[in-house]
Structures are given as structure tokens and as C-alpha cells.
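Just so it is clear, none of the values below were taken in a lab; they were calculated from the coordinates. Note that this is a predicted model, so its numbers are computed, not measured. All Cβ positions, glycine included, derive from the backbone under ideal geometry; neighbour counts span all protein chains shown.
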Amino acid sequence: MNILLVALGAAVGAPLRFLVDKHMVGRLLLSTTVTAPLPWGTFTVNILGSFLLGLLTGVTDRTTTLLVGVGFCGAFTTYSTFAAETTALAASGHRGKALLNVVLNLGVGLLAAVLGAVLA
């Protein structure tokens, strides 16, 4: 049963991550001429997921934790993409943007998690 809860949450989280990322990229490409914009799609899903996980700190129900925390948030957020995009920014000579990406993802992500926990 546990694996099914995780799989169900992931089945919603992964496609939603894809859609949020594509939406953010599409909106930003229409409104900017920056040659190497920050990966705002990945930033958005990581911050939203951090906030949601913060909210879940007040939940003791194992079913909700598995479905939403492990399944949905695990598939919705993406540390590996964050790392790959940051590495690509640095490798392409945009070291300042790479550093900014790290600071924003980690700093705002932690703040979002704390805010979620406080609200819980």
C-alpha cells in the first residue's frame, strides 16, 4: 500500500513539475532578452515544494506524508536539475548567475519551508 501512495503522488508531481517549468520558460522567453536567464522553472517548483513540505511538518498522518510528502513533493521538486542547471551556467561563463541560482534556491527554499512549518 505504501508504494502505491508514493507512486500516485509521484504520478501527479512529475508531470506538474514539467508543466510548471515549461510555463515559466515560455513566459520568460517572451519577456526577456537575457542570454542566460536563471532557471526560473526549477526555482519555482523547488520553492513551492519546500513550502508544501514545511506545511506537512504539522501532519502526523502516514498516508498524507507518503502521498504528498514523499510521492508528490519528491517528484515535483528537483535537486538534480537544480545542480545540473547551476553547473551549466557556471560552465558557460555565467558564474555570477550560477552563484545567484544557488543562493536563491537554498535561501528562499529554506525560508519557504520555515514559512510552511510556521503556518502549519
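From helices alone, the chain scores -24500 deg cm²/dmol at 222 nm; the rule is -39500 (n - 2.57) for each run of n ≥ 4 DSSP H residues, then divide by the residue total.
This ranking places Leu19, Leu55 by how few other beta-carbon atoms lie within 10 Å of each, fewest first, which gives Leu19, Leu55. Rg over Rh for the chain works out to 1.03, using Cα positions for both radii and the Kirkwood form for Rh. Neighbours of Val102 by Cβ distance under 12 Å: Lys/Arg scored +1, Asp/Glu scored -1, total +1.
Between the alpha-carbon centres of region 69-120 and region 39-53 there is a gap of 7 Å.
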